Amino acid sequence: MKKIISFVVRHIPRKYLQLFSHVALKVVALFYRGNKVECPVCDSQFSKFVPYGRVARANALCPNCLALERHRLMWLYLKQKTTFFQPNQEVLHIAPEICFIKRFEEIHGDQYITADLESPLAKVKMDIHEMPFEDNRFDVAFCNHVMEHVADDIQSMKEIHRVLKPGGWAIIQIPIFHPVPEVTFEDDTVTDPKEREKLFGQDDHVRLYGKDYPDRLRKAGFTVVEDNFVNSLSAEEQARYALPKDEVIHLCKKD
C-alpha cells in the first residue's frame, strides 16, 4: 500500500487528487475497519489510518475525510484554543484542504472564502503575492503548506497580514524536514526536480525552512505565538488521533 500511495502522490497532479481521491478512499476505508484510531475532524474510527506521502508515512490519512496528521492537530487546536467555531466571522482559506471546506462553510457560510491559484476546490482564483481583497477584511486566515512553493514568501505573508483586520489572526504552517537548519535555505537557480527534492525536501518546493521561520513571519508584521499544543495533549490522545509530535502551531496575530 505504501508503494502505491507514494507512486500516486508523485505522479498524479494535485488537482486531480483533490477531485477524485476521496472516491477511491471510500473503498479503501472498508479494509481499515476498527476503532483503534479516531479522526476528530469527521469522528470516524478505523483500525489505523492510510499511509500517505511521497515517502509514504504510516498511519497518516483519514480515508473518510482525507485529514492528515497536521489537519487533525489543527482541528483540535481550533476547538480547544480559539474562537473559530463561533459563527459570523470573515474567514480566508488559502489552498483549502478538502477535509475542512464543507465543515468551515457550515459554520461561516458566505463569509468563508476559499482561494488558490490552481486548486479546483477554491472559490477565488488568485496569486497570493497580490490578493484581490481589500485591507482589513478578514477575522481569520489559514494558509498551510503554501509558503514553501511561492516565489516570495515574505511578500505573501505581508499580503495575509494586509487583508486581516486589526486583532485578526492566521495560522500559517510549513513542512519541517529534519534535521532542521538554523536558517532557511533557498536558491532560485536550482531548477532540476531531483536536485530540488534533495535540497528542499520535495521537487515543487523552492526553499527549506529553518528555525528562523517565526522571524520571517514577524518580518511580515505579525506577532507570532509558537504553540507546542500537541504536547499539551496526553500520550493516549496523541496516539488515538495519530498526531504529529513535532508540529508547532504558528499563531500569527495582527496587532
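The values are calculated or read from the model by the stated rules, or taken from the named source; none is laboratory data. Quick caveat: nothing in here was measured; it's all calculated off a predicted structure. Note: ideal-geometry Cβ built from the backbone for every residue, glycine included; neighbour counts use all protein chains shown. Only protein heavy atoms, including side chains, enter the accessible area calculation; ligands, DNA and RNA are left aside. Shrake-Rupley method; radii C 1.70, N 1.55, O 1.52, S 1.80 Å.
Could you please give the count of residues in region 107-122 that are more than 22 Å from GLN86 (Cβ to Cβ) and either touching a Phe, Trp or Tyr at 6+ places or on another chain (Cβ under 8 Å) or open to solvent by 70 Å² or more (accessible area, probe 1.4 Å) (or both)?
Adding up the residues that qualify gives 2.
Can we say GLU186 is open to solvent by 70 Å² or more (accessible area, probe 1.4 Å), touching a Gly at 6+ places or on another chain (Cβ under 8 Å) and within 22 Å of GLU226 (Cβ to Cβ)?
Working: open to solvent by 70 Å² or more (accessible area, probe 1.4 Å): yes; touching a Gly at 6+ places or on another chain (Cβ under 8 Å): no; within 22 Å of GLU226 (Cβ to Cβ): yes.
For GLU186, the condition - open to solvent by 70 Å² or more (accessible area, probe 1.4 Å), touching a Gly at 6+ places or on another chain (Cβ under 8 Å) and within 22 Å of GLU226 (Cβ to Cβ) - is not met.
For ASP188, which of the numbered conditions (1) over 24 Å from TYR112 (Cα atoms); (2) under 18 Å from the mean Cα position of the chain (by Cα); (3) outside any helix (DSSP H, G or I) fails to hold?
So the condition that ASP188 fails would be (2).
Name, by its number, the condition in (1) open to solvent by 10 Å² or more (accessible area, probe 1.4 Å); (2) assigned to a helix (DSSP H, G or I); (3) at pLDDT 80 or above; (4) among the hydroxyl-bearing types (Ser, Thr, Tyr) that does not hold for TYR16.
(3)
Taking the stated definitions as given, is PHE177 farther than 17 Å from TYR77 by Cα and either charged (D, E, K, R) or free of Cβ contacts under 8 Å to residues at least 60 places away in the same chain (or both)?
yes
If you go through region 102-127 one residue at a time, how many are assigned to a loop (DSSP other than H, G, I, E, B) and more than 15 Å from the chain's Cα centre (by Cα)?
Here is the first cut: in region 102-127, the residues assigned to a loop (DSSP other than H, G, I, E, B) are 117-123, 126-127.
The next check asks that each one be more than 15 Å from the chain's Cα centre (by Cα); those that pass are 117-118, 120, 123, 126-127.
Residues meeting the conditions: 6.
Cβ-Cβ under 6 Å, sequence separation 6+ or interchain: first residue in region 157-169 and open to solvent by less than 60 Å² (accessible area, probe 1.4 Å), partner acidic (Asp, Glu) and assigned to a strand (DSSP E or B). Which pairs?
Filtered contacts from region 157-169: GLY168/ASP139.
Taking only region 147-179 into account, find how many residues are out of contact with any helix residue (DSSP H, G or I) (no Cβ under 9 Å at 6 or more places or on another chain), hydrophobic (A, V, I, L, M, F, W, C) and outside any strand (DSSP E or B).
Number satisfying all stated conditions: 3.
Which one is surrounded by the most Cβ atoms within 10 Å (Cβ to Cβ) among residues in region 41-64 that are hydroxyl-bearing (Ser, Thr, Tyr) and either under 23 Å from LYS79 (Cβ atoms) or in contact with a strand residue (DSSP E or B) (Cβ under 6 Å, 6 or more places away or on another chain) (or both)?
Only one residue fits best here, namely TYR52.
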